[in-house]
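Taking it in order: structure first as structure tokens, then the write-up.
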Amino acid sequence: MDYRQYNIVTEPCRTMRALARQALKGRWLESFIFLIVIAAITSVPPMILNRTGSQLLGFIASVYSMLIAGPLALGSAWYFLKLFRQRAGGLDDLKYGFAYAQKAIVLYIIMIVKIFLWCLLLIVPGIIAAIRYSMAFYILADDPNKNPAQCIAESCELMRGNKWKYFLLGLSFIGWFILASIPEGSVRTALMPDMTNVSMSSAMDLQEYFNTALRVASSPLVLLASIPTYIVQAYQNTAYVCFYDLANGNLSIGNYDYAAANGRVEDPFTGEDVKFTDVPTEVVHEDLPETFDDPELKAAEDKYNDNIYGE
């Protein structure tokens, strides 16, 4: 892997969000259903097992959550990659994650362990580590022949110089998440009983508090009220894929006409469609003339093409 192909993302966060909205046109409901199904697969079985009160079943629930997280993360990465690149997708994309379940599980465990170890130092190093490894599942989804160690190494290289921009992109969704969480927070508050007399120093009272909180969290009303957060999550995930394609050189923003169907863009000189991966990383200069009737300008065009396309 030639790490020199990776770019420093300089596009404003609003541009990446705009491209995400453009990719989501007509597919908001599809992406919402996709995330709801992932949430159900992730939370419902452990919720049922934990309600039994059995320590063995509780342990099984924990193992289930750990084993299922990696394949679901890979399937989600694959789905949103296809969505952003204007390709058809749906719930069948979850099968992609389970087709490479072993690699996905190993990658997930390695990431969790590394982030946890960094968090032992301080919270900030843990956050930086999480950002550093954030592209690993996208890299594995793009090329499942890579092993987990390669994906983590390439994610670190891809995020070199891009961590702050990625952090700002995530931060730009905070307002949306706060607004989206208001209905869920209101329902949780209304359903929680009066706990003013509960002593947090008492193990019995503390256990009762957590059991109550668990019952409220599994309430159908709470799940219904959480719908807006999944919509924002779909928006954010699509913007992260935009960031990934900018950083890895699959996407240039400038005089290139992005968002043609099937992940193809228009060559500004020939008008021909080229694949996503064939798009040059350089951006065409805005002052470059559209026609080259003058011999000197034609020579400049040829020289420019030599530099851009390597012909």
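Structure notes:
- Residue within region 121-133 that is surrounded by 16 or more Cβ atoms within 10 Å (Cβ to Cβ) and more than 29 Å from LEU19 (Cα to Cα) present: yes
- The condition (being at pLDDT below 90 and in a loop (DSSP other than H, G, I, E, B)) is satisfied by just one residue among ASN7, ASN50: ASN7.
- Residues in region 16-29 that are more than 13 Å from GLN233 (Cβ to Cβ) and surrounded by fewer than 17 Cβ atoms within 10 Å (Cβ to Cβ): ALA18, ARG21, GLN22, LYS25, GLY26, LEU29.
The values are calculated or read from the model by the stated rules, or taken from the named source; none is laboratory data. Since we're looking at a predicted model, the values are computed, not measured. Glycine gets a Cβ as well: all are built from the backbone with ideal geometry, and neighbour counts include every protein chain shown.
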